[in-house]
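**Student:** Have a look at the structure that comes next, please.
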Protein chains: 2
Amino acid sequence: VPSDTREQMIYTAARLFQRDGYHATSWRSLVEEAGTPWGSIHHHFPGGKDELGVAAIDAGSVGVIALIDHCFKGQPDAGRAVARWFELSGRLLVDSGYAAGCPVATVALETAANRGALHEATRAAFSAWEKRLSFHLRRAGASRASAADVGTSVLILLEGALLLSRTRGSLTPMRVASRHAQAIAADALTASSSSAA
Amino acid sequence: VPSDTREQMIYTAARLFQRDGYHATSWRSLVEEAGTPWGSIHHHFPGGKDELGVAAIDAGSVGVIALIDHCFKGQPDAGRAVARWFELSGRLLVDSGYAAGCPVATVALETAANRGALHEATRAAFSAWEKRLSFHLRRAGASRASAADVGTSVLILLEGALLLSRTRGSLTPMRVASRHAQAIAADALTASSSSAA
């Protein structure tokens, strides 16, 4: 049974790592922002900041998968589902004053060179999102090879656009990327249906 | 006249910020890796790590512009020039063991929420790259509106792919993104030439 303290620590870590990165966020600031007692934190995360970091990336990853599922639910048009994902991600940017974006990207770049447990969590997150996108594209009628390729393409566009939109403080890159992502998803389905015909 | 010490510090900072991020790189590790005496560093960067950070982002930005120019030089086919940029960027990933990628992205994400001088340097870098891409696309025959849009699209694809390729330790995302970037550049030029005809 997850305790409130544990959940609160993970939520706070996910928010701060997303906003400022892993290294800028001190253990002390995590404890203070979460408003939890020191003792119980060491009880929940004996591995300290690294262990909490992995839990925060995993939680962020689960959140993105839920968002992808939400966008594809009851939406037979994969292009529209993809557009919805970009739209909701853009809304998160704006609603946070561009402080929130991808819950994984900053930590992924900070840890790519050292290949520890935190890096592995970010690699697993991106991989899970690509697989989830591919799963929905397959269900919408794309071929297996095409679904994998389009899943990667859509995630590349989302991540590149989140980076540029956050940096610029403007949704323009998200809108440009959404247009391409929709076209790529639609093309994959057209190609599959014409080869099936 | 730039001194060797100053250049050496900037080069070292650009490399470490790219590899591990701004916050993971201590002032002490910068001094040690650059192999420069403490006194001269404070002479060259009285503003400390922040001032050095801005200089490192600016230097990285100039390097990317030179790379873009190199790819378009003597290449009338904009799609091939874009493919060359992705290819050389991918080679930098592999040659560095995926430690190097974009010289700006990590710091951009780390500083997006605090809007200081370092954030402004990253914003200016991305903007300069988009403008440089647009300039070359205009010269290759794209309309003004299309050149700006394609410049943004190509940069989104490059940044998204560098992030995923670094995290995965694989060039697959770079190859997928390059294919889309080439197609988007080629489409813009076809559309311009058919509307001119």
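**Student:** Once label points are set 7 Å from the Cα along Cα→Cβ at both residue B:28 and residue A:175, what is their separation, rounded to one decimal in nm?
**Tutor:** For the pair residue B:28/residue A:175, the computed spacing is 4.9 nm.
**Student:** Note down the relative contact order for chain B as a percent, whole number, built from C-alpha pairs under 8 angstrom at least six residues apart. Don't jump to the answer; show the numbers that get you there.
**Tutor:** Details: 227 pairs, mean separation 46.1, N = 197.
Relative contact order comes out at 23 percent.
**Student:** Now for a different question. One decimal, nm, shortest first: give the distances between the label point of residue A:190 and those of the same position in the other copies, each label point 7 Å from Cα along Cα→Cβ.
**Tutor:** In nanometres, ordered from closest: 1.1.
**Student:** Using the reciprocal of the averaged 1/r over all distinct C-alpha pairs, how large is the Kirkwood radius of region B:140-197 in Å?
**Tutor:** For region B:140-197, inverting the mean 1/r across all distinct Cα pairs yields 12.1 Å.
**Student:** Another question, if that's okay. Going 7 Å from the Cα of residue B:94 in the Cα-to-Cβ direction, what parts of region B:153-168 have a backbone nitrogen less than 15 Å from that spot?
**Tutor:** From region B:153-168, the list is B:165-166.
**Student:** Given the options A:98, A:140, A:129, identify the residue whose Cα lies farthest towards the positive end of the charge dipole of region A:98-197 (+1 on Cβ of Lys, Arg; -1 on Cβ of Asp, Glu).
**Tutor:** Most positive-ward Cα: A:140.
**Student:** Averaged across the residues of B:108-119, what count of C-beta atoms belonging to other chains lies within 10 Å of each residue's C-beta?
**Tutor:** Mean inter-chain Cβ contacts per residue within 10 Å come to 6.
**Student:** Arrange the peptides A:181-187, A:94-100, B:51-57 so that the one whose residues have, on average, the most other Cβ atoms within 10 Å appears first.
**Tutor:** B:51-57, A:181-187, A:94-100
**Student:** How large is Rg over Rh for the protein assembly as shown, taking Rg from the Cα atoms and Rh as the Kirkwood inverse mean of 1/r across Cα pairs?
**Tutor:** Numbers: Rg = 21.4 Å, Rh = 21.8 Å.
Result for the protein assembly as shown is an Rg/Rh of 0.99.
**Student:** Can you compute the radius of gyration and Dmax for region A:54-125, using only the Cα atoms, both in Å?
**Tutor:** Values for region A:54-125 (Cα only, Rg and Dmax): 13.9, 41 Å.
**Student:** Could you give the nm distance between label points at residue A:190 and residue A:115, where each point is 7 Å from its Cα heading toward the beta carbon?
**Tutor:** In this crude spin-label approximation the distance works out to 4.3 nm.
**Student:** To the nearest 10 Å², what's residue A:180's accessible area with a 1.4 Å probe?
**Tutor:** Approximately 30 Å² for this residue.
**Student:** Treating the point 7 Å from Cα along Cα-beta-carbon as the label, what are the nm separations from residue A:116 to the other copies, to one decimal?
**Tutor:** 2.3
**Student:** Moving to a separate point now. How many nanometers, to one decimal and shortest first, lie between the label point of residue B:70 and those of its other copies, if labels sit 7 Å from Cα toward Cβ?
**Tutor:** Label-point separations across copies, in nm and ascending: 4.4.
**Student:** Under the Karplus relation 6.51 cos²θ - 1.76 cosθ + 1.60, θ = phi - 60°, what is the ordered set of whole-Hz ³J(HN,Hα) values for region B:152-158, x standing for Gly and Pro?
**Tutor:** Residue by residue, region B:152-158 yields 4, 4, 5, 5, 4, 5, 4 Hz.
**Student:** Right, next: Determine, for the protein assembly as shown, the count of lysine pairs separated by eight or more sequence positions (or lying on different chains) whose alpha-carbon distance falls under 30 Å.
**Tutor:** 5
**Student:** Additional query: Two decimals, Cα atoms only, Kirkwood Rh: what is Rg/Rh over region B:1-55?
**Tutor:** Over the Cα atoms of region B:1-55, Rg/Rh equals 0.91.
**Student:** Running a GNM on chain A with Cα contacts under 10 Å, which residue among A:28, A:179, A:84 ends up with the highest mean-square fluctuation?
**Tutor:** Result: A:28 has the largest fluctuation of those listed.
**Student:** Oh, and also: Take the Cα pairs of region A:34-191, get the Kirkwood Rh, then feed it into Stokes-Einstein at 20 °C and 1.002 mPa s and tell me D in µm²/s. Could the numbers behind the result be given before it?
**Tutor:** Details: Rh = 16.6 Å.
It comes out at roughly 129 µm²/s.
**Student:** From the phi angles alone, apply the Karplus equation (6.51, -1.76, 1.60; θ = phi - 60°) to region A:131-142 and give each ³J(HN,Hα) in whole Hz, x where the residue is Gly or Pro.
**Tutor:** 5, 5, 4, 4, 4, 5, 5, 4, 4, 7, x, 6
**Student:** Can you compute 3J(HN,Hα) from phi for each residue in region B:9-25, using the Karplus curve 6.51 cos²θ - 1.76 cosθ + 1.60 with θ = phi - 60°, rounded to whole Hz and x for Gly and Pro?
**Tutor:** 4, 5, 4, 5, 4, 4, 5, 6, 5, 5, 6, 10, x, 6, 6, 6, 9
The values are calculated or read from the model by the stated rules, or taken from the named source; none is laboratory data. What you are looking at is a predicted structure, and each value in this text was computed from that prediction instead of being measured. Neighbour counts are summed over all protein chains in view; Cβ atoms, including those assigned to glycine, are modelled from backbone coordinates with ideal geometry. Each accessible area value is taken on the protein alone, full model and side chains, heavy atoms only, with ligands, DNA and RNA left out. Shrake-Rupley method; radii C 1.70, N 1.55, O 1.52, S 1.80 Å.
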